[in-house]
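Notes follow once the structure below has been shown.
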Amino acid sequence: MHPRIRKPLLQLARRSIQDPSASVVLNRYHEHFCTWNAERLGISREESVERFIRSSRSVRGGHRGSAFRVFAEVSHSVFEVFAGDTPSEVWEAYRLHEKVHFLRLLSYREPQWDNSHPVVAALGDTASVTIVDFGCGLAQYSVSLAEKLSADGREVKLLVADIPTLHLTFLAWLLARLGIDFEVRECTPEAPIPELLPCDVLIAREFLEHVHRPVEYLDAFDRVVKPGGVMIADLSDHRHEFMHVSPNLEAARRHVASLGYTPLGRPGIMQKLGAARERAPF
Ligand SMILES: C[S@@+](CC[C@H](N)C(=O)[O-])C[C@H]1O[C@@H](n2cnc3c(N)ncnc32)[C@H](O)[C@@H]1O
């Protein structure tokens, strides 16, 4: 192609992908990330914020948008030559793609909690609550729940488990900064399901489709959920994509039902049968 034609085409392609003047609003996770990244890199916080904003503007719609999703898909496809998502390679693939995933995880929103939420209602008046968040990502769901329960005067312990990539290092820093009583478990090929704690709430959101043997994970979760406790796990089928290694969760759905969990009124929220706690009124 003639260089005079190539240049306008490149400019057109760049304009369709990038949005250099997009307004970027930082949420509290972004703010903490910029502080952590400034410390990590030994740069000023202002420079760290500027870099984050530049990164966000590099793809139309920012790290949350569909252009970023396409960017991640292309990256998965380009680098699959080094690591695929087979049982033996998937751990390496998570390390390979850790920074793309980290930025995507940072774009997740924190949910709002109130006393009518089925998880809060199911806890009744339990004074001391242990939450396990497996495949936690940046744990927006469990962190916000832990903060809500603490604000209500309960004692809360949060255990987070994930593959030890950069986002888990940041999460440990963040939990310490937020003053949450927490423990971190690293999931590795040698110990894919590390020892967990008996818990009142087990969270495994957007997780089961990522593992090759979801039923084994459900069994491990069931062993630690206390009678009357809550499990939060997406059991609907997922679209086929890289790292969705178990997109069909039919066996997992049947297994959870056989373990004696009943739906709590919202998709993916289930209560374990048991007498330890009054059943929630749903
Ligand atoms: C789509 S993200 C969901 C993150 C989080 N649960 C949420 O809802 O925000 C999937 C998460 O599962 C983690 N993950 C994938 N395979 C895993 C494994 N075998 N053991 C532990 N974590 C895993 C990934 O690192 C990632 O953080």
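The values are calculated or read from the model by the stated rules, or taken from the named source; none is laboratory data. Since the structure is predicted, the reported quantities are computational estimates derived from the model, not experimental observations. Every residue, glycine as well, gets a Cβ built from its backbone with ideal geometry; the counts of neighbours run over all protein chains shown. Remember, those area values only see protein heavy atoms, side chains included, never the ligands or the DNA or RNA. Shrake-Rupley method; radii C 1.70, N 1.55, O 1.52, S 1.80 Å.
Just a few scattered comments:
- Distant-in-sequence amide H partners of residue 242 (H built 1.01 Å from N, under 5 Å): none
- Amide H partners (placed H, <5 Å) of residue 159, local residues excluded: 131, 132, 133, 183
- Calculated [θ] (222 nm, deg cm²/dmol) that DSSP helices of n ≥ 4 give over the chain, each run adding -39,500 (n - 2.57): -13000 deg cm²/dmol
- Note on residue 272: lysines with a C-alpha under 29 Å away, same-chain residues under 8 apart excluded, are 148, 157, 226.
- Here the label points at residue 186 and residue 74, each 7 Å from Cα along the C-beta direction, are separated by 3.4 nm in the simple model.
- DSSP-defined beta bridges in region 201-282 - what % are antiparallel, rounded to 5: 60
- Heavy atoms of residue 17 accessible to a 1.4 Å probe, total area in Å² rounded to 10: 90
- Heavy-atom accessible area order for 211, 25, largest first, 1.4 Å probe: 25, 211
- By accessible area with a 1.4 Å probe, ligands and nucleic acids excluded, highest first: order of 219, 181, 125: 125, 181, 219
- Area of residue 30 that stays accessible when all protein chains are in place (1.4 Å probe, Å², to 10): 20
- Secondary structure note: in the chain, about 25% of the DSSP beta bridges are antiparallel.
- Per residue solvent-accessible surface (Å²) - the chain, probe of 1.4 Å: 51
- Spin-label pair residue 57-residue 17: with each label point 7 Å from Cα along the Cα-Cβ axis, the two points sit 1.7 nm from one another.
- Accessible area (Å², 1.4 Å probe, nearest 10) - residue 60: 100
- 81, 224, reordered so the largest accessible area comes first (probe 1.4 Å): 81, 224
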